[in-house]
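**Student:** First the structure, which I've put down as structure tokens, then a few questions once you've had a look.
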Amino acid sequence: MSAWRWGVYRVSYYVGRGLIRAARILAYATAGVLTRKELGRAAAGRWSDFGIDETYVLSGLFTWEENFYFRFLKPDDHILIVGAGSGRDLIGLRRAGYRADGLEPSATAVTLARSMCAKAAVEADFHVGWIETTPITEKYDVFIFSWYCYSYIPDRATRIGALRAASRHLAPGGRIFLSYTVTEPVTRYLPRAVAAGVGRLTKVDWTPLPTDIILFEHGGLHFEHQFPARRDRVRGAGGRAAHRRPPGGRRRAHHAHGGRLTSASNTVKAERRVSSSARRTSSSPRPAPWRSSASKNAV
């Protein structure tokens with residue numbers, strides 16, 4: 001390679017790297033301008049056209065979803081899928097004979113989901129809105145936060161609010177299933193500091209956590225909260241939870257991480273514990289694959 005070609009490569013490399021970092025910082029700064037509600041709206045736009053491929057949607061449940069869900073579902077369960085998107089998992093559950101409805105904040109995605117359900121010859125009801133604020137008049141036996149949906153809910157307070165809202169609409173003996181992304185603890189000091197600083201100036205009602213990821217993506221902002229892998233409890237990279245409220249009793253949350261079972265009095269405490277752990281530790285990010293497991297006690 002001639003000297004001038006190599007020189008062009010080196011200059012382009014460093015300019016490109018700088019632009020990538022600048023775009024990342026700009027995404028965090030932009031998020032810092034938004035309130036919690038506005039951040040949710042920006043993040044919802046990111047998913048408006050996700051899963052538009054007909055073959056993908058009509059394929060139904062993934063193998064890990066079948067293995068996980070069918071282990072805990074009962075034949076007569078009435079299920080609400082939170083973050084139903086274009087309807088892939090809803091179609092899969094309907095085909096398996098379950099009564100499943102969908103909840104999705106993006107009206108565009110719900111329109112697509114209804115179209116896909118018609119093509120799959122299944123019927124389902126859809127609610128358009130956020131689980132924390134959407135009026136839900138009936139009780140459900142199971143709430144399923146769809147594939148990684150829980151990690152995509154912006155801000156810890158909103159995630160806690162989503163769990164509380166789901167628990168209010170659980171029938172006796174009801175359960176909540178969720179999956180979320182897990183990483184080795186990492187602190188993005190500069191981008192997070194920029195978002196926090198802008199947030200203080202604009203007086204918004206949230207602040208980013210060390211393992212929050214914010215990026216510009218097609219359709220909006222991509223927000224993802226990655227839970228830190230706790231080495232004493234997590235051998236894989238997936239968090240799995242099945243929650244129940246015994247009839248007339250206190251709801252308990254059972255989390256199975258890499259084969260070891262832990263228990264918490266409720267999912268709110270679990271969320272706070274994991275988030276506080278993220279603030280105390282940092283290292284290079286090394287995401288690992290998701291594995292599904294749960295406790296038999298969760299049913």
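**Student:** Quick one: what are the phi-derived ³J(HN,Hα) couplings along the stretch 214-219, Karplus 6.51/-1.76/1.60 with θ = phi - 60°, whole Hz, x for glycine and proline?
**Tutor:** Per residue, the Karplus-derived 3J(HN,Hα) values read 10, 9, 7, 10, 4, x Hz.
**Student:** If you don't mind, there's one more thing I want to ask. Quick query: amide H of His222 versus all other amide H atoms, modeled in the peptide plane; which residues come in under 5 Å with a sequence gap of 5 or more or a different chain?
**Tutor:** Residues meeting the amide H criterion: Leu215, Phe216, Glu217.
**Student:** Give, as a single signed number, the net charge of other residues whose beta carbon lies under 10 Å from the beta carbon of Lys74, with Lys and Arg counted +1 and Asp and Glu -1. Walk me through the numbers before you get to the answer.
**Tutor:** Values: positive: Arg175; negative: Asp76, Asp77, Asp141.
Once all neighbours under 10 Å are counted, the net charge is -2.
**Student:** Sequence-distant or interchain residues sharing an amide H contact under 5 Å with Gly102, placed H: which?
**Tutor:** It is Ile81, Asp125, Phe126, His127, by chain and number.
**Student:** Tell me, what ³J(HN,Hα) does each residue in the stretch 9-15 have, in order and in whole Hz, if you take phi through Karplus 6.51 cos²θ - 1.76 cosθ + 1.60 with θ = phi - 60° and put x for Gly and Pro?
**Tutor:** 4, 5, 5, 4, 4, 6, 5
**Student:** What distance in nm lies between label points placed 7 Å from Cα along the C-beta direction at Ala193 and Trp64?
**Tutor:** It is 3.5 nm.
**Student:** I would also like to ask the following. Loop-only trypsin sites (Lys or Arg not before Pro) in the stretch 143-233, please: DSSP not H, G, I, E or B, and at most 11 other Cβ atoms within 10 Å.
**Tutor:** Here the sparse-neighbourhood loop sites are Lys203, Arg231.
**Student:** Take the residue pairs Lys37/Lys139; Lys139/Lys203; Lys119/Lys139 and return only those whose Cα atoms are more than 32 Å apart.
**Tutor:** Distance filter (> 32 Å) returns Lys139/Lys203.
**Student:** Quote the FRET efficiency, to the nearest 0.05, computed for Lys119 versus Asp76 with a Förster distance R0 of 41 Å and r equal to the Cβ-Cβ distance. All intermediate terms of the calculation are to be shown ahead of the outcome.
**Tutor:** Working: r = 27 Å, r/R0 = 0.65.
Once rounded, the FRET efficiency stands at 0.95.
**Student:** So for the pair Ser12, Thr133, with labels modelled 7 Å out along Cα→Cβ, what separation do we get in nm?
**Tutor:** 4.6
**Student:** Now for a separate question. Among the chymotrypsin sites (Phe, Trp or Tyr not before Pro) within the stretch 48-97, which fall in a DSSP loop and have no more than 11 other Cβ atoms within 10 Å of their own Cβ?
**Tutor:** Qualifying residues, ordered by number: none.
**Student:** DSSP loop (so not H, G, I, E, B), at most 11 other Cβ within 10 Å: list which GluC sites (Glu not before Pro) in the stretch 118-171 pass both filters.
**Tutor:** Glu123, Glu138
**Student:** Sticking with this structure for a sec: So if the hydrodynamic radius of the stretch 45-135 is defined as the Kirkwood radius over C-alpha pairs, what does Stokes-Einstein give as its diffusion coefficient at 25 °C and 0.890 mPa s, in µm² per second?
**Tutor:** The estimated diffusion coefficient comes to 187 µm²/s.
Computed from the coordinates by the stated procedures, all read-outs in this text should not be read as laboratory data. Owing to the predicted nature of the structure, the values given are computational and were not obtained by experimental measurement. Because the Cβ atoms are built from the backbone with ideal geometry, glycine has one as well, and the counts that use them run over all protein chains shown.
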